[in-house]
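Engineer: Questions regarding the structure given below will be posed in turn.
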Amino acid sequence: MIPELGHYALVLALFVALVQSVPPLVGAATRNAAWMNVAVPAAIAQMLLVLLAYAALTWAHVVSDFSVLNVVQNSHSAKPMLYKVSGVWGNHEGSMMLWIVMLTIFGAAVALFGRNLPPTLKARVLAVQGLIGVGFLLFILITSNPFIRVVPAPIDGNDLNPLLQDPGLAFHPPFLYAGYVGFSMAFSFAVAALIEGRVDPAWARWVRPWTLAAWSTLTMGIAMGSWWAYYELGWGGWWYWDPVENASFMPWLAGTALLHSAIVVEKRDALKSWTILLAIVTFSLSLMGTFLVRSGILTSVHAFAVDPKRGIFILVLLAIATGGSLLLYSLRAPTLKAGGLFAPISREGALVLNNLLLSTATATVFIGTLYPLFLDIMKLGKVSVGAPFFNATFLPVAIPMVVAMVVGPFLSWKRADLGAALTRLWVAGVAVVIAVAVTAYVKAGGGPLLALVGIGLAAWAFVGSLVEFADRIALFRTSFRNSWNRAVHLPRSAWGMTIAHACLGLSILGMTGTSAWQTESISAMKPGDRASVAGYEFQFDGVGLVDGPNFKAERGVFTVTKDGQRVATLEPERRSYSTTRMTTTESAIHTTVFSDLYVALGDPTQNGTAWIVRIYHHPLVPWIWIGGVGMMLGGLVSLTDRRFRIGAPERRRMAGKTGGKSAPLPAE
Amino acid sequence: MKRLLLAALLALSTLAPALAVQPDEVLPDPALETRARAISQELRCLVCQNQSIDDSNAPLARDLRLLVRDRLKAGDSDDKVMEYVTDRYGDYVLLRPPFKATTLVLWVGPFAVLLLGAAGTFLFLRGRRGVAAGADTAPLSADERRRLDALLRKDD
């Protein structure tokens, strides 16, 4: 009964989504307030209905209702409760349900909190959101219905892929999807603005918080995924340039560009047409990521050709959304009036450079990911594009981008003095020289040249961002008390920028460290054997058997010492899941801030007396994720900027009296 | 994060932890082993999805790893080893595709995008300046000229 209720709610949501889109569009065109206002209750109703459907599916998973096909295929009665709940989105149908849940929550948020939006803009934004909802609800109901029953119901289910039964991966999809779907807001605002034929700084100020929220959650989602791969796949890799990763990386790169170009629209009323285009491209890339992953085309072009129903459906959705919005763009963009003027060397100019490089980076990943598929489909031959290609093409764009990232905030709007900006950055320059020299000395030659570049870049980004902040609060140029006051009154968006930029430097440090100086020992070890890695002694004490709720595990015990001092006890596991007959490795990691000691237990050897043990020393690797989380926090801090609070664009003048503008400093 | 979205979204059952290089494969000479690892990362495991032979635990990947190490032990240079492998398995085995007609888009594409973007930006900035200059130097109307003359005369 409850799954049927969920199914019914989903169908109802489809019709509500139609009501949310068509009448408001007509109403906005004919200035009919009643028709426009329908969008608000419709958006809320659609969210409630979709939540109801999602709750029904969750209920079926939680009580292990094996008469529902989706539960049979992805659950097991002995599965821990956490994974029963996360298993709802750990499969195709459920993940699409999560997608639409996010979409309707964002839509309802605009309906509830967008009180100060101009009525026609609000109606059109909600209508476009409604149309996206229609597309995805149709997709779920026609090709991916999670409420299908099986008769007779089997006794138990097939269990969830054990690799997904992990806390890191359990919460990865919601963050990732919140990011993907969050960009739909930027898209809806862009399309609505094109229909309106007007883009102004207020528009940018409405769009930026949504973009920031989406960008922050996507950053977190990608970081979590990378962390999971690091500890779960058994050897400590953290990024593989796999097409599936690239599918999430492309919207991130484009979204980062959007975040920055929207600043120019907001502050200077320029780059409007470009920002609209970026909003369309960013969401299209999110849709394309969904297509790539959902259609199965990555597994093999052949598999896609055999069962193309889902893939074709998303492809058509993609074509309508992208094609339609680009057509609208080509018709309307020329009518958008160009705004503020600026010289090439200026804050605007720096943000244009940022956009140029980020767009090139996005295009590089796009070509590298899709071109092999294209060749294969066109039967022009097969070509492999892997990490070596991306490292060779992406880094030449990324390195100048980070170099420029530090200089940009020092440039003033309209026209700036590059020489003066660089002079103010002398401390960062000194930091780069010291960091590179120390690295070269400590590592006796420093390893690959690229590693030295990486270290220098990390120092430049981190120290340079802090120097900019110090400069802004006039640290050491005025009394400490005065600087403190300035820091407190600095806009939150300025804080956010400093945090995010500096944390990118930390991530670069981690990436460089582990790529250049990882050491390892792969050997067959008997209990009592010792191995030595990076000055640490690992003693293998033996293997015990452990029973988990739905798996059995061999748990190895390793005592780690350095110079005779005990450092840690590491207990890596090899788990066998009986239902799926799969084995997973649970590596054991001892982390200090400067490095990770990483042990993974492999297969027993032929005669059963020894195990294959992989021990790694990953220098600096934790900083990749510390930096990632920091970037997300930077985004969130920026989001709390008072100018973005609900209705801020309208109320700004009133609020100005209460001291919001007390510090006469350049914002951003 | 390689398998991550695949895992999260497709729940593929073919995923397995990447426990690739086995202890018996590791060469005693660390310098040679480092070279073997670097070469392995450039070679595709032909039966896997986007995995290098260094990451894959497929038997075919192991065979290739052993082959690479055999060639290195025989004294081949890195380039010689790559040549040896591509002669047998074709260019498809290379994760960094060679520059040829079908990969032109791949190698030139990113730089073409950068150049086009830079050209577009240049034209945009120049065009904007043109607009600005045009706006600034719009000829004065007869009426404005008369008023300006009047003002200037008053100054004298």
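Engineer: If you rank A:593, A:281, A:629 by fewest surrounding Cβ atoms within 10 Å, what's the result?
Structural biologist: A:593, A:629, A:281
Engineer: If I take the Cα coordinates of region A:519-622 and project them onto the principal axes, what are the three extents in Å, biggest first?
Structural biologist: That works out to 42, 31, 20 Å along the principal axes.
Engineer: Additional query: What aspartates and glutamates sit close enough to residue B:100 to cross-link, taking a C-alpha to C-alpha distance under 12 Å and skipping anything fewer than 8 places away on the same chain?
Structural biologist: B:91
Engineer: Right, another one. Which of A:337/A:414; A:443/B:73; A:122/A:272; A:526/B:73; A:562/B:73 have a Cα-Cα distance over 23 Å?
Structural biologist: A:443/B:73; A:526/B:73; A:562/B:73
Engineer: For region A:359-419, compute Rh as the Kirkwood radius over C-alpha pairs and then the Stokes-Einstein diffusion coefficient at 37 °C and 0.692 mPa s; write the answer in µm²/s, rounded to an integer.
Structural biologist: The diffusion coefficient I find is 233 µm²/s.
Engineer: Fewest first, what order do A:54, A:598 take by the number of other Cβ atoms within 10 Å?
Structural biologist: A:54, A:598
Engineer: Could you work out the percent of alpha carbon pairs in region A:412-475 separated by over 17 Å, rounded to a whole number?
Structural biologist: Here the tail beyond 17 Å accounts for 48 percent of pairs.
Engineer: Need one value for B:49-55: mean number of C-beta atoms belonging to other chains within 10 Å of its residues' C-beta atoms.
Structural biologist: Averaged over the peptide's residues, the number is 5.
Engineer: Right, another one. Read phi for every residue in region B:106-120 and hand back ³J(HN,Hα) as whole Hz from Karplus 6.51 cos²θ - 1.76 cosθ + 1.60, θ = phi - 60°, with x for Gly and Pro.
Structural biologist: Per-residue couplings from phi come out as 4, 8, 8, x, x, 6, 4, 4, 4, 5, 4, x, 5, 4, x Hz.
Engineer: Okay, next question. Which residue, A:640, A:55, A:383, has the largest displacement toward the positive end of the dipole of the protein assembly as shown when charges sit on each Cβ (Lys, Arg +1; Asp, Glu -1)?
Structural biologist: Value: A:640.
Engineer: Answer rounded, prolate or oblate for region A:219-362, using the Cα gyration tensor with square roots of eigenvalues a ≥ b ≥ c: rounded when a/c is under 1.5, else prolate when a/b is larger than b/c, else oblate.
Structural biologist: Because a/c hits 1.5 or more and a/b fails to exceed b/c, region A:219-362 counts as oblate.
Engineer: Let me have the relative contact order for region A:267-415, percent, based on Cα pairs under 8 Å that are six or more residues apart.
Structural biologist: 29
Engineer: Mind checking which aspartates and glutamates have their C-alpha under 14 Å from residue A:267, skipping anything on the same chain fewer than 8 residues away?
Structural biologist: Leaving aside aspartates and glutamates fewer than 8 places away in the same chain, those within reach of residue A:267 are A:200, A:348, A:668.
Engineer: Running Debye on region A:487-539 with equal point scatterers at the Cα sites and no solvent, what base-10 log of I(q)/I(0) appears at q = 0.16, 0.19, 0.23, 0.29 Å⁻¹?
Structural biologist: Here log10 of I(q) over I(0) equals -0.67, -0.77, -0.89, -1.05.
Engineer: Could you tell me which of rounded, prolate or oblate describes region A:565-644, using a ≥ b ≥ c as the square roots of the eigenvalues of the alpha-carbon gyration tensor, with rounded for a/c under 1.5 and, failing that, prolate when a/b is larger than b/c and oblate otherwise?
Structural biologist: Here region A:565-644 falls in the oblate category.
Engineer: Oh, and also: Report, in order of residue number, the helices in chain A meeting two criteria: a C-alpha extent of 30 Å or more along the helix axis, and a mean Kyte-Doolittle hydropathy of at least 0.5; treat each whole DSSP H run as one helix.
Structural biologist: Span-like helices here: A:2-30, A:39-62, A:92-113, A:119-143, A:172-196, A:272-294, A:347-377, A:449-472, A:492-517.
Engineer: With the convex hull built on the Cα atoms of region A:1-160, state its orientation-averaged projected area in nm².
Structural biologist: 9.1
Engineer: For the charge dipole of the protein assembly as shown, defined by +1 on Lys and Arg C-beta atoms and -1 on Asp and Glu C-beta atoms about the Cα centroid, which residue among B:110, A:513, A:109 has the Cα displaced farthest towards the positive pole?
Structural biologist: A:109
Engineer: Just for the Cα atoms in region A:70-222, what are the lengths along the principal axes, largest first, rounded to whole Å?
Structural biologist: 59, 32, 21
Engineer: Related question: State log₁₀ I(q)/I(0) for the protein assembly as shown at q = 0.09, 0.10, 0.11 Å⁻¹ as given by the Debye formula over alpha-carbon point scatterers of equal weight, solvent excluded.
Structural biologist: For the protein assembly as shown, the Cα-only Debye profile gives -0.97, -1.18, -1.40.
Engineer: Where the only charges are on Cβ atoms (+1 Lys, Arg; -1 Asp, Glu), what is the dipole of the protein assembly as shown about its Cα centre, to the nearest 20 debye?
Structural biologist: Value, rounded to 20: 3280 debye.
Engineer: Ordered by packing density, taken as the mean number of other Cβ atoms within 10 Å over each peptide's residues, highest first, how do A:338-350, A:127-139 rank?
Structural biologist: A:127-139, A:338-350
Values quoted throughout were computed directly from the atomic coordinates according to the rules given, and no laboratory measurement underlies them. Predicted model only: the values in this text are computed from it and were never measured. Neighbour counts are summed over all protein chains in view; Cβ atoms, including those assigned to glycine, are modelled from backbone coordinates with ideal geometry.
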